[in-house]
Amino acid sequence: MASKLLRQTLTKTNRTAAIRCFSTAASVAFPSEYEYPTGITMKGVKISGRPLYLDMQATTPVDPRVLDSMLPFYLSRYGNPHSRTHLYGWESETAVETARAQVAALIGAAPKEIVFTSGATESNNISIKGVMHFYKDKKRHIITTQTEHKCVLDSCRHLQQEGFEVTYLPVGSDGLIDLDRLVKEIRPDTGLVSVMAVNNEIGVVQPVEEIGKICKEFNVPFHTDAAQALGKIKVDVEKWNVSLMSLSGHKIYGPKGVGALYLRRRPRIRVEPQMNGGGQERGIRSGTVPTPLVVGMGAACELAMKEMEYDENRIKGLQERLLNGIREKIDGVV
């Protein structure tokens, strides 16, 4: 009788431990050794304890609800989404297509216009190099801004080395481009205008809707890096008239290592693939789609869609509180 009770207790304990290993609670409930009672020394710098993290433009933690959606595709539903002859592949494929629809819904696109990538950097590379390489016989000029993300600027410099011409628009003291200057810089051989929606350093929101109207008037494809806009402001690919849009998972409480590229179907925009392989993602981005990461990005987009309005109102209140507090104590704040 005693041995039977012992076996039941051990089994129950092991089962509980196994569940804890895979629960989202375990990801946030650090054991006592993570409290750093004697401080932390890292890279030659000693600090008294773990600091607060405030740079949510650089990256965000994964929302526990997002992690919950991902775990089954790491542990039990681990099929290759491109294996079309058995259950494991079918359920992974279904999960990928559900995530595709979730991402599309957040930006007002059709699911077939979403291509999964490794992140916004890859999406930017595909957009800029891919468009210009595809239309290289007729289009040899690109317009972008001086304040773009490094991956956009480096992609443009790479194309300059291949003989393409790039115009880098300056920004004013408010961080915005001059729309009249944009119009003047458009040429018959301009193949792409690339302007980031929300700046990753200073948070400036460019007038993307007006830029889209100008590009439509001159029949020039418009690309925007919307990694910092997604989930924070309303994004509408039709209203903005974008041909291509770069998105990232880890900026919206999703996992790192996954992003998406919006690629307009009507009027159709074409790109030359930057990576060759098995022809996944309509041949635009070959490679096995990482199902858990894609599922996580889809879940993050769905949560953002539900909670964006609440988050915006809350953050506006915090913003006003911070600014008012600074202005009360310091003169001459700009």
Item to check | Of (1) 43, 30, 18; (2) 40, 29, 17; (3) 28, 27, 24, the label for semi-axes √(5λ) of the Cα gyration tensor in Å derived from the coordinates | outcome: (2)
Checklist outcome for this item: Of PRO267, PRO81, PRO188, the most mobile residue in a GNM of the chain (C-alpha springs, cutoff 10 Å) is PRO267
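Evaluate the charge dipole of region 64-307 about its Cα centre and quote only its size in Debye, nearest 20, assuming +1 on the Cβ of each Lys and Arg and -1 on the Cβ of each Asp and Glu.
Working: 30 positive and 27 negative charges, 111 e Å.
Around 540 debye, computed over region 64-307.
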Checklist entry - If the convex hull of the alpha-carbon atoms of region 124-166 is projected onto planes in all directions, what is the mean projected area in square nanometres? => result 2.6 nm²
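For the pairs LYS139/LYS234; LYS216/LYS239; LYS112/LYS256; LYS184/LYS232, note any where the Cα-Cα span goes beyond 21 Å.
LYS139/LYS234; LYS112/LYS256; LYS184/LYS232
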Checklist entry - Tally Lys/Arg at +1 and Asp/Glu at -1 over every other residue whose Cβ is under 10 Å from the Cβ of ASN124; what's the total? => result -2
Checklist outcome for this item: Carbon and sulfur atoms account, in whole percent of the 1.4 Å probe accessible area of region 64-307, for 51 percent
Item to check | Max mean-square fluctuation residue, GNM over the chain, Cα-Cα springs under 10 Å, options GLU320, GLU113, GLU281 | outcome: GLU320
Item to check | Value of relative contact order over region 66-210, rounded to a whole percent, pairs C-alpha under 8 Å and six or more apart | outcome: 17 percent
Checklist outcome for this item: Expressed in angstrom and rounded, the centroid-to-centroid distance over alpha carbons for region 138-162 and region 272-334 is 24 Å
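By the scheme Lys and Arg +1, Asp and Glu -1, what is the net charge of all other residues having a beta-carbon under 14 Å from that of GLU320? Intermediate results must be reported in sequence, preceding the final value.
Numbers: positive: ARG314, LYS316, ARG321, ARG327; negative: GLU312, GLU328.
Residues near GLU320 contribute +2 overall.
Restricting to region 64-307, what percent of DSSP beta bridges are antiparallel, rounded to 5? Before the final figure, lay out each step's value.
Numbers: 10 of 23 bridges.
Given both bridge residues lie in region 64-307, the antiparallel proportion sits at roughly 45 percent.
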Next on the checklist: What whole-number distance in Å separates the alpha-carbon centres of region 57-120 and region 178-238?
Outcome noted: 28 Å
Item to check | Formal net charge of residues neighbouring ARG157 (Cβ-Cβ distance under 14 Å; K, R +1; D, E -1) | outcome: -2
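What is the extension gain from VAL205 to ASN313, computed as 0.36 nm multiplied by their sequence separation minus the C-alpha to C-alpha distance, in nm to one decimal? All intermediate terms of the calculation are to be shown ahead of the outcome.
On the way: separation 108, 0.36 × 108 = 38.88 nm, distance 1.71 nm.
Here the answer is 37.2 nm.
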Checklist entry - For the chain, what relative contact order do you get, as a whole percent, if you take Cα pairs closer than 8 Å and at least 6 residues apart? => result 21 percent
Item to check | FRET efficiency estimate (nearest 0.05) - Cβ-Cβ, ILE40 to GLU272, R0 41 angstrom | outcome: 0.30
Item to check | Solvent-accessible heavy-atom area per residue, rounded to whole Å², over the chain at 1.4 Å | outcome: 58 Å²
Checklist entry - In a GNM of the chain with a 10 Å cut-off on Cα contacts, which of LEU263, LEU192, LEU318 has the highest mean-square fluctuation? => result LEU318
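The values are calculated or read from the model by the stated rules, or taken from the named source; none is laboratory data. In this text the structure is predicted, and so the values were computed from the model without any measurement. We place every Cβ from the backbone using ideal geometry, glycine too, and count neighbours over all the protein chains shown. Surface accessibility is based on the protein's heavy atoms, side chains included, excluding ligands, DNA and RNA. Shrake-Rupley method; radii C 1.70, N 1.55, O 1.52, S 1.80 Å.
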